[in-house]
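Notes follow the structure.
Bear in mind that the values in this text are calculations on the coordinates, not laboratory data. Just so we're clear, the structure is a prediction, and the values are computed from it rather than from any experiment. For neighbour counting, all protein chains shown are included, and Cβ atoms are generated from backbone atoms with ideal geometry for every residue, glycine included.
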Amino acid sequence: MMSNIFIKTQSQLSIEWLKLKSTPGLYLALTCGLLISTLVFIAHLMEVHSLASLGGNPWGRYFTRGLAIFSLFVSVPFVVLLVSAVVYVERQANAWKYLYTLPTRRGSIYFSKLVMILLLLALSLFLLVLGLLLSGYALDRMHPEFELAFYQPNLWELGAKALHTWLSLLGLVGLQYFLSLRFQHFLLPLGVGILGYVFGLILAVTQMNAALYCPFSYPMLVQDFGMFRTEIRASIAFGGLSNIELYSLGFFLFFVLLAWIWETRRSVS
Amino acid sequence: MSIISISNLNFGYKKNQSILKELNLEVPKGSIYGFLGANGAGKSTTIRNVLGLLKPQSGKVLVFGKEIRAARPEIFRRIGSLIESPSLYPHLSADDNLAIASKYRAVDKKKIGEVLEKVGLLENRKKKVKNYSTGMKQRLGLAIALLHDPELLLLDEPTNGLDPSGITEIRKIILRLREEGSTILLSSHLLAEVERIATHVGIIKSGKMIFEGSLDDLEALKFSQQTLALKIPDANKAQALLKDFAIVSVSPGELQVQIKQKEDIPKLIKMLVAGGIDIYEVRLLKSDLEKMFMSITNE
């Protein structure tokens, strides 16, 4: 039974992967993390003293800066674009009427697409971490005064930080997935995403309690990047997760359920 | 036995809207069912109801004797469909598009080459679909519908956008599929297209089925409404001879007579010749199904 489900899921994911071949969604997922790490690398090349003069293990600061750039400025537009692009593949192919006449349950198509989005998000974060690691060593070769090779990078800590960012983005993934399925065109989810990003940033900067209920603010609040205060975040609320992550999971479940109800009942005209 | 059975189907996109009205339809096993109607008559809506893509307001839709919403995966395993424009991923090749379909349907990848050959796209299998012509896309859509050797094939306007040779190709494929045992429902707004291959015909007008039967039934209907025009020197004398026939009009040199069956034509000619009347020309004024179809479907 379990192996059957595993084979089916694997097959569905391989279909989703094939559909994404040569699409903007896939390019976005593959390049975003690497691009951010490259920009962080270039910025440090231009400002050599920013790391070298502070002393201690420079890896932590280097990673935090890379992750901060991603979480504060890139992650929200990235998720908005990624979700829209993945769902838009079906719209562009006029494929819903075909998909829903296959001997596959609607829910199965729905979940495989969602899992693919979550995996692509994880892949981008992994590539960001990998990019930061590689660019850190490259930076050290060019500027030994950074002393990056002298210290060991704390990969567990880096992995945990990336995981917190991933979890904080789940609420937004759920919301955007619902919008993309409900409104079968690119513009509306994109418009909501851009406005939500600005709104989320304002709430995060001003530290309003309302930010706790705005999934757009979560990646900005989930960790202390030293950019602005994160007082509304309760560090350890449950099982090592902050209240931000718990809210994110709650929004994720709510919107995923809403989208599932919509998708499994809708007419395809 | 009916493969598709629709009884008293009512459908509208909104509560008070009525697009399909008490529609009844029976598609016999092994038939090519030509589903005819003008654009906007409700053909695609009916097919979408059959496939469970739309929810009827009332009525019953049975496919293979079962309600589609109750046995969706089981029924879809036996159906292939091409609804209006084909669903194709334009950034992928024909091979990739078929690979997706083969994975969804758990069909051996070897079948991809077979169906591509069947629809004449084998040489273009690596080309991206966005670079295909309309006809090629339509044929690829058909290949996807055929991939799993369906028992029932639903084709909604499959020859849309095709050139005459493309239409002939599709026609040949449909006939071959029927020989192989498939049942085919083919919707079209062109009677001439359906007339050539269908065994059964249903005509829909403004959401209502106005005719359903075999092609022979339609032929009989056609003759029951036909008028024969005769060019003869003495129309009045001819009129007197043809007392058993309904005369439509009499004018100098031409007589128009209504006939009820095709056997009436030689009978009428023999009577005139026996009466010593020379016949210069015999014409069927409503000589094809197209005109009859137009007369049925036009308000």
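Look at B:M136, A:M46 and count the other Cβ atoms within 10 Å of each Cβ; fewest to most, that gives A:M46, B:M136. Ordering B:L9, B:P28, B:P90 by the projection of their Cα atoms onto the charge dipole of the range B:1-124, which places +1 on the Cβ of Lys and Arg and -1 on the Cβ of Asp and Glu, puts B:L9 at the extreme positive end. For chain B, the 222 nm mean residue ellipticity estimated from helices alone, with every DSSP H stretch of n ≥ 4 adding -39500 (n - 2.57) and the total spread over all residues, rounds to -10000 deg cm²/dmol.
Could you work out the relative contact order of chain B? I mean the mean sequence separation of Cα pairs under 8 Å and 6+ apart, divided by the number of residues, in percent.
On the way: 564 pairs, mean separation 59.0, N = 299.
Worked out over chain B, it gives 20 percent.
Per-residue ellipticity at 222 nm from helix content only, as computed over chain A with -39500 (n - 2.57) for each DSSP H run of at least four residues, stands at -23500 deg cm²/dmol.
Placing +1 on the Cβ of each Lys and Arg and -1 on the Cβ of each Asp and Glu in the protein assembly as shown, which of A:S75, A:T165, B:G276 has its Cα farthest towards the positive end of the resulting dipole? Looking along the dipole axis, the top candidate is B:G276.
Projecting label points 7 angstrom from Cα along Cα→Cβ for A:L123 and B:D149 puts them 3.6 nm apart.
Between the listed residues B:I144, B:T134, B:L155, the Cα displaced farthest toward the positive end of the dipole of the range B:130-174, a dipole computed from Cβ unit charges relative to the Cα centre, is found at B:T134. Remark: the range A:244-257, residue by residue, has Karplus-estimated 3J(HN,Hα) of 4, 5, 5, 4, 4, 5, x, 4, 4, 4, 4, 6, 5, 5 Hz, where x stands for each Gly or Pro and the curve is 6.51 cos²θ - 1.76 cosθ + 1.60 at θ = phi - 60°. Note on A:I194 and B:E123: the model spin-label points, each 7 Å out from Cα along the C-beta direction, lie 4.6 nm apart. Phi angles of the range A:146-161 translate, via the Karplus equation with coefficients 6.51, -1.76, 1.60 and θ = phi - 60°, into HN-Hα couplings of 5, 6, 5, 6, 6, 10, 9, x, 8, 5, 4, 5, 5, x, 5, 5 Hz per residue; Gly and Pro are given as x.
Within 10 Å of the Cβ of each residue in B:67-76, the mean number of Cβ atoms contributed by other protein chains is 2.
Each Lys and Arg Cβ is given +1 and each Asp and Glu Cβ -1; about its Cα centre, the protein assembly as shown then shows a dipole of about 680 debye. Placing one identical point scatterer on every Cα of chain B and ignoring solvent, what is log10 I(q)/I(0) from the Debye formula at q = 0.07 Å⁻¹? For chain B, the Cα-only Debye profile gives -0.36. In a simple Cβ point-charge model (Lys, Arg +1; Asp, Glu -1; nothing else charged), the range A:92-236 has a dipole of about 900 debye relative to its Cα centre.
Can you list the residues of the range B:92-116 with backbone N under 18 Å from a point 7 Å past the Cα of A:R105, pointing along Cα to Cβ? Correct set: B:104-106.
For a quick check: sort B:L20, A:L187 by the number of other beta carbons within 10 angstrom, fewest at the front.
Fewest to most other Cβ atoms nearby, the residues stand as A:L187, B:L20.
Remark: mean inter-chain Cβ contacts per residue of A:86-97 equal 4, using a 10 Å Cβ-Cβ cutoff to other protein chain atoms. Packing around the peptides A:115-122, A:59-66, taken as the average count of other Cβ atoms within 10 Å per residue, puts them in this order, highest first: A:59-66, A:115-122.
Placing a label point 7 Å from the Cα of B:S18 along the Cα-to-Cβ line, the residues of the range B:39-61 whose backbone N sits under 16 Å from it are B:42, B:57-59. Placing +1 on the Cβ of every Lys and Arg and -1 on the Cβ of every Asp and Glu, with no other charges, gives chain B a dipole of roughly 1160 debye about its Cα centre.
Placing pseudo-labels 7 Å out from each Cα toward the beta carbon at A:F6 and B:K60 gives an inter-label distance of 4.5 nm. Taking R0 as 60 Å, what FRET efficiency do you get between A:E147 and B:T168 from their Cβ-Cβ distance, rounded to the nearest 0.05? Efficiency, from the Cβ-Cβ distance: 0.20.
FRET efficiency for the pair B:A274 and B:I210, taken as 1/(1 + (r/R0)^6) with r the Cβ-Cβ distance and R0 = 60 Å, rounds to 0.90. The base-10 log of I(q)/I(0) for chain A, evaluated at q = 0.08 Å⁻¹, reads -0.36 [Debye formula, identical scatterers on Cα atoms, solvent excluded]. Summed over all non-identical Cα pairs, the Kirkwood treatment of the protein assembly as shown gives a radius of 28.3 Å.
Centre-to-centre, using Cα atoms only, the range B:10-87 and the range A:83-161 are separated by 41 Å.
Ranking of B:K243, A:K97, B:K66 by neighbouring Cβ atoms within 10 Å, starting from the fewest: B:K243, B:K66, A:K97.
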